[in-house]
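These notes are about the structure you will find just below.
The values are calculated or read from the model by the stated rules, or taken from the named source; none is laboratory data. Predicted model, so just to flag it, every value in this text is computed and none were measured. We place every Cβ from the backbone using ideal geometry, glycine too, and count neighbours over all the protein chains shown.
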Amino acid sequence: MSDDEKKIRVLIERWAAAVHAGDLDAVLADHSDDIVMFDVPRPDEGLRGIDAYRAAWPAFFEWQAQGATFEIVSLDVTAGTDVAFAHALLLCGTAEDFAENPARRLRLTLGLRKQNGRWTVTHEHHSFPDTTLPAV
């Protein structure tokens with residue numbers, strides 16, 4: 001594993017811990033001002049910019065405070081010289097969600113770029129599989 005891949009892994013693990021803790025400042029810390037996020041909730045066209053990204057988190061933190069889990073299960077990172085991507089599976093849900101569907105995982109994909117020697121998240125995508133469709 002390269003040094004950049006290690007740095008990105010730490011960045012993502014720190015972000016996930018911040019999400020779990022409901023620490024908005026730490027969630028925002030390594031994201032670019034021009035972040036694009038496609039999230040599970042609407043809007044379908046995603047959110048653009050750090051202000052819209054910031055505004056999306058309080059409702060999630062409120063839901064999570066009711067006992068939901070947010071934990072990385074697997075994480076893969078690929079880093080080039082100045083761009084990188086990562087994909088992960090996370091436990092994200094309530095005890096009721098997991099009782100109903102123990103295999104439920106949130107899918108996370110991140111795009112990052114290195115600017116002035118620092119990695120920042122420029123693209124973030126969260127999704128759940130559509131369980132109404134047949135498995136391939």
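Of all residues in the range 94-119, those being more than 20 Å from the chain's Cα centre (by Cα) and of a type in the set (D, E) number 2.
Within the range 1-34, the residues that satisfy the criterion of being among the hydrophobic types (A, V, I, L, M, F, W, C), under 17 Å from H87 (Cβ atoms) and at pLDDT 95 or above are I8, V10, L11, I12, W15, A16, V19. Anything in the range 46-76 that is outside any strand (DSSP E or B), closer than 14 Å to H123 by Cβ and not aliphatic (A, V, I, L, M)? List them, or say none. Passing the criteria: G46, G49, Y53.
With respect to the conditions (1) modelled with pLDDT of 95 or more; (2) within 23 Å of Y53 (Cα to Cα), G80 lacks only one, and its number is (2).
Scanning the range 77-111 for residues being under 28 Å from W63 (Cβ atoms), touching a Leu at 6+ places or on another chain (Cβ under 8 Å) and touching a residue at least 40 places away in the same chain (Cβ under 8 Å) gives a total of 4. Residues in the range 36-55 that are touching a strand residue (DSSP E or B) at 6+ places or on another chain (Cβ under 6 Å) and within 20 Å of L106 (Cα to Cα): V36, M37, F38, D39, V40, G46, L47, Y53.
For the condition modelled with pLDDT under 95, under 26 Å from R9 (Cβ atoms) and of a type outside the set (A, V, I, L, M), what is the one hit in R104, R118, R42? Checking each option against the conditions leaves just R104.
Name, by its number, the condition in (1) closer than 24 Å to G93 by Cα; (2) part of a helix (DSSP H, G or I); (3) of a type outside the set (K, R); (4) in contact (Cβ under 8 Å) with a residue 40 or more places away in the chain that does not hold for I8. Failing condition for I8: (1).
Within the option set D76, D51, D82, being surrounded by fewer than 15 Cβ atoms within 10 Å (Cβ to Cβ) and touching a His at 6+ places or on another chain (Cβ under 6 Å) holds for one residue only, D76.
Given the condition free of Cβ contacts under 8 Å to residues at least 40 places away in the same chain, farther than 24 Å from L24 by Cα and surrounded by 13 or more Cβ atoms within 10 Å (Cβ to Cβ), answer yes or no: does some residue in the range 61-72 qualify? No, the conditions are met nowhere in the range 61-72. Residues in the range 98-112 that are assigned to a helix (DSSP H, G or I) and either touching a His at 6+ places or on another chain (Cβ under 6 Å) or hydrophobic (A, V, I, L, M, F, W, C) (or both): F98, A99.
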